[in-house]
1. Tell me, what HN-Hα J-couplings in whole Hz come from the Karplus equation 6.51 cos²θ - 1.76 cosθ + 1.60 at θ = phi - 60° for each residue of the range 232-248, using x for Gly and Pro?
2. List the pairs from K176/K235; K186/K243; K207/K229; K105/K195; K69/K107; K186/K235 whose alpha-carbon separation is above 28 Å, in the order I gave them.
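What follows is calculated from the coordinates using simple rules that are stated; it is not laboratory data. Everything quoted here is computed from the prediction, not taken from an experiment.
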Amino acid sequence: MSRKKSQKSKGNSSPASCSIPPPKENSKVGNDSHTNGMVMSGRPSLSNSGEFYDISFKVMLVGDSGVGKTCLLVRFKDGAFLAGSFISTVGIDFRNKVLNVDGVKVKLQIWDTAGQERFRSVTHAYYRDAHGKLCDLRCSELIIWGKKMEAAGQAWLTEIHEYAQKDVVIMLLGNKVDSTHERMVKLEDGERLAKEYGVPFMETSAKNGLNVELAFTAIAKELKHRSLKTPNEPKFKLHDYVKKEVKGSGCCKS
Ligand SMILES: Nc1nc2c(ncn2[C@@H]2O[C@H](COP(=O)(O)OP(=O)(O)OP(=O)(O)O)[C@@H](O)[C@H]2O)c(=O)[nH]1
């Protein structure tokens, strides 16, 4: 069995098909009554993995084939690196992880899309709504930008700006920072592009774990703060949080 096939059979995989089935895991929040992800009933929900959560969001990983989307997801979910020969994702897959964000249990339903052009219509069908818009308010995008130079990062940002609802949370990641051979995006270029589009940027490595937890946690915090605004809570500033917490590539975990 291929690396990706065996990994998918462990998770909540959905078949790559043009008739799109709904996700198996209940992605709704706090039973039936919710608004923009906010728990209205006050009762936590139970995910398929047996973990309770208060609020749920969808995160899409997009980017060209081979930039490391699956590896980042596996690193975040299981703390492991998928080394070995590269087998492309077919269609789309998702995995869940529940995080504790300031005392609130936030479930991220993370969708790993196929980067290959030939699967684009399948992946689009999953992440665009009936009006062709990308996701909704309870959704965010993580653009993984690996070895394919600036043009690829720019193309994905342009696509998301074209199709996404304006409130979608977007973050740009430059992956494979551990490898001088694979890494082709300079830090300055990533920062410049992110600035141009007004999105946070960080360098990551699925191999050594650099900033992987941070990328998903930052997204979870932003989504949670947007949905659950408590009167006296100071406004969460995603850019400031990332700037404060991000680690440079010289200080990787082993
Ligand atoms: N050195 C290094 N290699 C990585 C890293 N992340 C992924 N890789 C390697 O890059 C290759 C592609 O990784 P995947 O995660 O499968 O790429 P993908 O973006 O999911 O590709 P598609 O499924 O085709 O869209 C694999 O051989 C990985 O081992 C990283 O952070 N550092």
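1. Per residue, the Karplus-derived 3J(HN,Hα) values read 9, 6, x, 5, 7, 10, 4, 4, 5, 4, 4, 4, 6, 8, 5, 10, x Hz.
2. Pairs exceeding 28 Å: K176/K235; K207/K229; K105/K195; K186/K235.
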